[in-house]
Amino acid sequence: MQVPTELICIHEAKLKKTPLGVPLKPLQKGRKLEREELERMREEAQREMEMLERMKEEELLIQQKLEEERQAQMEREREERERIERERAEEFLLEQKRLAEMEAKAAAEQEAASKTLAQLTDKYGAPNLSRVDEIDEMEQSEYALTTITESEDEEEELTF
């Protein structure tokens, strides 16, 4: 069975044209160009997405570094405050110790100053001296007057 050439030509003409009668080759070229343009746009969008992801990663790294620096700064400040507190506490303790030593020294000096000669000599191996009552100047002058008048009275009694 042989197909008439007319039918073959009609069939070939249909293959070369779209249902609307537009020739097929220019339409295929347009689709090809459109596909190429879409592919370029897709690749460009892909590159932009990759760049955005890299930028996000860099931003995240920068934020992490800033946070680490902030934490380190806070740690240094905390350590500095603790060091200052320790120094102040040490200074306070030293001052308290100095004050206690000064008070003890003052108390010892006061105690030593308040002892009488007899109390100072009442130590092992010291001679046993009789106690002497200390008299201030006012009492001493009154004592002297009374002893003088008593001795004068005694002399007068002896002369009579």
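Quick note: the coordinates plus some simple rules give every number you see, no bench work behind them. Bear in mind that the values here come from a model prediction, so they are computed numbers and not experimental data. Please note: Cβ atoms are built from the backbone with ideal geometry, for glycine as well, and neighbour counts cover all protein chains shown.
Less than 13 Å Cβ to Cβ from E79, Lys/Arg counted +1 and Asp/Glu -1: what total charge do the surrounding residues give?
Net local charge, E79 excluded: -1.
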(Q) At 1.306 mPa s and 10 °C, plugging the Kirkwood radius over alpha-carbon pairs of the stretch 39-92 into Stokes-Einstein gives what diffusion coefficient in µm²/s? (A) 108 µm²/s
**Q.** Karplus-derived 3J(HN,Hα), 6.51/-1.76/1.60, for each residue of the stretch 92-108, Hz, glycine and proline x
**A.** 4, 5, 4, 5, 4, 5, 4, 5, 5, 5, 5, 5, 5, 5, 5, 5, 5
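State the extension gain, in nm to one decimal, for the chain segment bounded by Q96 and R42, taking 0.36 nm per residue of separation less the distance between their alpha-carbons.
11.5 nm
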